[in-house]
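Visitor: Can you keep this structure in mind? I'll have questions shortly.
The values are calculated or read from the model by the stated rules, or taken from the named source; none is laboratory data. Predicted, not measured: the structure shown is a model, and the values here were computed from it. Quick reminder, even Gly has a Cβ in these numbers, built from the backbone with ideal geometry, and neighbours come from all protein chains shown. For the accessible areas, the whole protein counts, side chains as well, though only heavy atoms, and no ligand, DNA or RNA atoms are used. Shrake-Rupley method; radii C 1.70, N 1.55, O 1.52, S 1.80 Å.
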Amino acid sequence: METIKIIFTWLNDQLLKMNWLQSLVNNFLSNVLGFDSESKIFDSVSFFMYDVIKILILLTVLIFISSYIQSYFSPERTRRILGKFKGVPANIIGALLGTVTPFCSCSSIPIFIGFTKAGLPIGVTFSFLISSPLVDLASVILLASIFNWRIAIAYVFVGLIIAVVGGSVISAFKMEKYVEDFVRDRTGLENSSDIIEYKMTRKERIRYALDQVKEIIKRVWVYIIIGVGIGAVIHGFIPEAFISLILGKENSFSVIIATLLGIPMYADIFGTLPIAEALVNKGVGIGTVLAFMMAVTALSLPSIVMLKKVIKTKLLMTFVGIVTIGIIVVGYLFNGFGFLFA
Amino acid sequence: MEIKVLGSGCANCKRLYQFTLQAVSDLAIDAEVLYVTDMHAIADSGLMRTPGLIIDGKIVSYGRVSTVDEIKNLINKANI
């Protein structure tokens, strides 16, 4: 038993947390470039190099694995599976499928339209749309790498709950009528039925996964550099007292501030993780940090503008409102029970 | 022949449109290539993943940017 634990800890530290990389970077900085390892600039630069390299390595591996899995769950297939369920179970399946269905923000509207046209309840579609950007394999493993497994698993769990509850509330309010008319009319369904049956070979799945790696890295590397950059500045230069004044545990509005700051921001979860890491190191509560991350990923101005094209203001407000409240509640819960995740 | 590239205006959609133009000029065929960003048209096509490539009303590729060679093959297949 003890041996297994040692092996697991070693794997976790070296493969997931990449402790070897940290020492490599530190050695490189102090011995090759001659940085003073006690200085603030050393802290920042080391944080920056270590995080950029670590996130890019993890991301490449993880996107490949998750894209390969995702190649089995096309939106067309998801739609068929969802059609078989009703009520809250449909919301739960919707939220779960949201975690594995390939999805980039520019596809959210066609998926929304495709689901609605096929007659899926609007609430189920929203469960899917909320969980899709919020929870996926890559972000979970990165959370485990930066924080720990308990936080990663708790994150998945509350992400899914927000998606299920959000979708169920929208169902309960019977908001179908707030969808734009052209989305509801059923033209085009006959075309979609002849594109669903295509089955990929294994070679095509591997190619698809490699394509995804290239595409996603190309799309998110800027956010990662910016995110790690901000994280590095926070890490090395922003005084702890200043941060804890605004986002610290003593400020009872911290979660709300973090959520409202995060909503208009458009970034990938991978760009927000290093900021989250730096904030936690400065003593910000885990709930506050998670609320910030969830707000950035689940809601953003571009996605709200896109959704506005297919749903009416009342439904849009309800959607944004429910998700915001959900995130704030989750934030305070995590802060309150933070000792469980230390 | 009428070829349509459907997309919401994202980078991938534009790339597919460029590739399609390239494929058509390489094949030197008489085809009209349209770039469609209208939400209503996308909704009515039945596509769930953009960008989509539609040749003479039939969806031939969706959800990914096909290469120029692949597009040529798709055009040739549709031509038979």
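Visitor: Tell me which residues, restricted to segment B:22-70, are of a type in the set (Gly, Ala, Ser), outside any strand (DSSP E or B) and either open to solvent by less than 50 Å² (accessible area, probe 1.4 Å) or within 13 Å of chain A (Cβ to nearest Cβ) (or both).
Guide: Matches in segment B:22-70: B:23, B:31, B:41, B:43, B:45, B:46, B:57, B:63, B:66.
Visitor: Quick test for you: out of A:46, A:37, pick the one residue that is in a helix (DSSP H, G or I) and polar (S, T, N, Q).
Guide: Of the residues listed, the single one that is in a helix (DSSP H, G or I) and polar (S, T, N, Q) is A:46.
Visitor: Okay, next question. If residue B:9 passes every condition in (1) at pLDDT 80 or above; (2) in a loop (DSSP other than H, G, I, E, B); (3) surrounded by fewer than 20 Cβ atoms within 10 Å (Cβ to Cβ) but one, which one does it miss?
Guide: Among (1) at pLDDT 80 or above; (2) in a loop (DSSP other than H, G, I, E, B); (3) surrounded by fewer than 20 Cβ atoms within 10 Å (Cβ to Cβ), residue B:9 violates only (1).
This table checks each residue for (1) surrounded by fewer than 16 Cβ atoms within 10 Å (Cβ to Cβ); (2) among the hydroxyl-bearing types (Ser, Thr, Tyr); (3) within 30 Å of residue A:119 (Cβ to Cβ); (4) without any contact (Cβ under 8 Å) to a residue 60 or more places away in the chain.
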| site | (1), (2), (3), (4) |
| --- | --- |
| A:37 | yes, yes, no, yes |
| A:41 | yes, no, no, no |
| A:45 | no, no, no, no |
| A:48 | no, no, no, no |
| A:51 | no, no, no, no |
| A:55 | no, no, no, no |
| A:63 | no, no, no, no |
| A:67 | no, yes, yes, no |
| A:80 | yes, no, yes, no |
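Visitor: Is it true that some residue in segment A:235-255 is among the charged types (D, E, K, R), part of a helix (DSSP H, G or I) and more than 23 Å from the chain's Cα centre (by Cα)?
Guide: Yes: segment A:235-255 contains one or more residues that are among the charged types (D, E, K, R), part of a helix (DSSP H, G or I) and more than 23 Å from the chain's Cα centre (by Cα).
Visitor: Let me ask something additional. Take residues that are within 14 Å of chain B (Cβ to nearest Cβ) and modelled with pLDDT of 80 or more and tell me which of the helices (runs of 4 or more DSSP H) falling wholly in segment A:101-197 contain 2 or more.
Guide: Answer list for segment A:101-197: A:108-117, A:122-134.
Visitor: Something else about it: Would you confirm, using the coordinates I've provided, whether residue A:93 is in contact with a Phe, Trp or Tyr (Cβ under 7 Å, 6 or more places away or on another chain) and surrounded by fewer than 23 Cβ atoms within 10 Å (Cβ to Cβ)?
Guide: In short, yes.
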